[in-house]
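Presented below is the structure to which this report refers.
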Amino acid sequence: MSAWVDQVFCEDALAGLARIPDGSIDLILTDPPYNLGKDYGNASDQQSVEAYLAWTEQWIDAALPKLKPNGSLYIFLTWRFAPEIFVMLKKRMTMMNEIIWDRRVPSMGGSVRSFSSVHDTIGFFVNRKDYYFDLDAVRIPYDAETKKARSRSIFVGAKWLEVGYNPKDVWSVSRLHREHPERADHPTQKPVEIIARMVKASCPPGGVVLDPFMGSGTTAIAARQTGRHFTGFELNPAYCDIIRTRLAAPEVPVAGAKKRKSAAKSAPLNEEPA
């Protein structure tokens with residue numbers, strides 16, 4: 001296995017992406033800074049609109065060549081910049097879905113001059129028509145009541161009734177509250193449940209997921225738990241420590257995942273370029 005696989009490098013993605021061979025990645029899955037002024041220990045989320053969009057285009061052009069010809073990309077965005085960034089990506093890939101993550105934010109507080117924003121936007125893009133996509137791996141089971149209501153003979157043996165339904169493009173999954181056992185000290189941490197769904201659907205077992213902006217390391221955790229490999233980058237040394245701690249913790253496999261033989265071994269996190 002290559003030296004860059006199952007590694008998170010504590011460095012700037014624009015510099016580090018050069019170590020990843022072109023055409024070697026099955027899935028890019030990333031949650032880059034939204035440019036909303038949050039403190040990530042650097043100024044990456046505090047740029048002018050022009051500088052932010054130029055920087056986004058720069059890392060996109062550095063990352064996309066790493067994908068295999070049938071590779072895919074998921075990107076988390078805010079509604080404020082999703083239109084511009086979707087246009088960038090549409091010039092380079094084919095857009096399959098705009099997914100809305102409903103964060104289940106409580107209906108209290110918020111703006112009094114506009115509607116409260118309670119979702120993140122996710123773009124799903126592919127390189128070509130034969131992209132990898134395993135819907136059966138992410139179907140949501142029907143409950144007993146629904147199955148009972150479909151008990152007539154015409155439904156007997158129906159695959160869709162047994163394996164579950166397509167998750168559709170609105171995902172209602174609660175954000176990680178401060179008390180959540182999965183929560184790490186990161187302001188925009190995403191739930192493993194969401195990341196694992198993307199990984200299982202769009203990266204084959206044993207494939208490699210790249211996240212240029214690892215944050216708290218959720219992409220690495222989800223990849224390992226679902227029997228995939230990972231690689232990526234994180235600029236903030238404090239977040240690199242969080243990733244190291246999370247990867248060293250006992251593994252809790254995602255339901256239905258095939259465990260890799262090497263999954264039990266905690267992955268190293270490199271602080272210096274190799």
Just to be sure I understand the filter: pairs with C-beta atoms under 8 Å, separated by 6 or more residues or on different chains, first member in segment 76-89 and in contact (Cβ under 8 Å) with a residue 40 or more places away in the chain, second member in a helix (DSSP H, G or I) and crowded, with 18+ Cβ neighbours inside 10 Å. Which pairs pass? LEU77/ILE85; PHE81/TYR52; PHE81/THR56
Taking into account only those residues within segment 70-102 that are assigned to a loop (DSSP other than H, G, I, E, B) and touching a strand residue (DSSP E or B) at 6+ places or on another chain (Cβ under 6 Å), which is modelled with the highest pLDDT? MET93
Matching residues in segment 27-76 - criterion: being among the aromatic types (Phe, Trp, Tyr), touching a helix residue (DSSP H, G or I) at 6+ places or on another chain (Cβ under 7 Å) and farther than 24 Å from ILE99 by Cα: none
Residue tally, condition of a type in the set (A, V, I, L, M, F, W, C) and either modelled with pLDDT of 85 or more or touching a His at 6+ places or on another chain (Cβ under 6 Å) (or both), over segment 139-165: 1
Looking at segment 187-201, which of its residues are touching an Asp or Glu at 6+ places or on another chain (Cβ under 8 Å) and of a type in the set (D, E, K, R)? LYS190, LYS200
If a residue has to be part of a loop (DSSP other than H, G, I, E, B) and among the aliphatic types (A, V, I, L, M) to count, how many in segment 111-127 make the cut? 2
Return a yes/no flag: does segment 32-41 have any residue that is modelled with pLDDT under 90, of a type in the set (A, V, I, L, M), more than 25 Å from ARG224 (Cβ to Cβ) and more than 21 Å from the chain's Cα centre (by Cα). no
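Scan segment 19-41 residue by residue and report those that are among the charged types (D, E, K, R) and not in a helix (DSSP H, G or I).
Result: ASP22, ASP26, ASP31, LYS38, ASP39.
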Candidates ASP130, ASP136 - the one that is at pLDDT 90 or above, under 22 Å from PRO205 (Cβ atoms) and assigned to a loop (DSSP other than H, G, I, E, B): ASP130
Looking at (1) at pLDDT 90 or above; (2) assigned to a helix (DSSP H, G or I); (3) loosely packed, with under 12 Cβ neighbours inside 10 Å, which is the only condition LYS168 fails? (2)
Suppose we keep only residues that are buried (at least 24 other Cβ atoms within 10 Å of the Cβ) and among the acidic types (Asp, Glu) within segment 187-235. Which one would you say is nearest to VAL173 (Cα to Cα)? ASP211
In segment 42-69, residue surrounded by the fewest Cβ atoms within 10 Å (Cβ to Cβ) [restricted to those that are within 18 Å of the chain's Cα centre (by Cα) and part of a strand (DSSP E or B)]: LYS68
How about segment 214-233: which of its residues are in contact with a strand residue (DSSP E or B) (Cβ under 6 Å, 6 or more places away or on another chain) and not β-branched (Val, Ile, Thr)? MET214, ALA220, ALA223, ARG228, HIS229, PHE230, GLY232, PHE233
Restrict the check to segment 39-46 and report whether at least one residue is more than 21 Å from THR218 (Cα to Cα) and touching a residue at least 24 places away in the same chain (Cβ under 8 Å). no
One residue is enough: does segment 180-194 have a residue meeting the conditions modelled with pLDDT of 95 or more and either at negative phi or not in a strand (DSSP E or B) (or both)? yes
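The values are calculated or read from the model by the stated rules, or taken from the named source; none is laboratory data. All values reported here derive from a predicted model rather than from experimental measurement. When we count neighbours, we look across all protein chains shown, and the Cβ atoms used for this are built from the backbone with ideal geometry, even at glycine.
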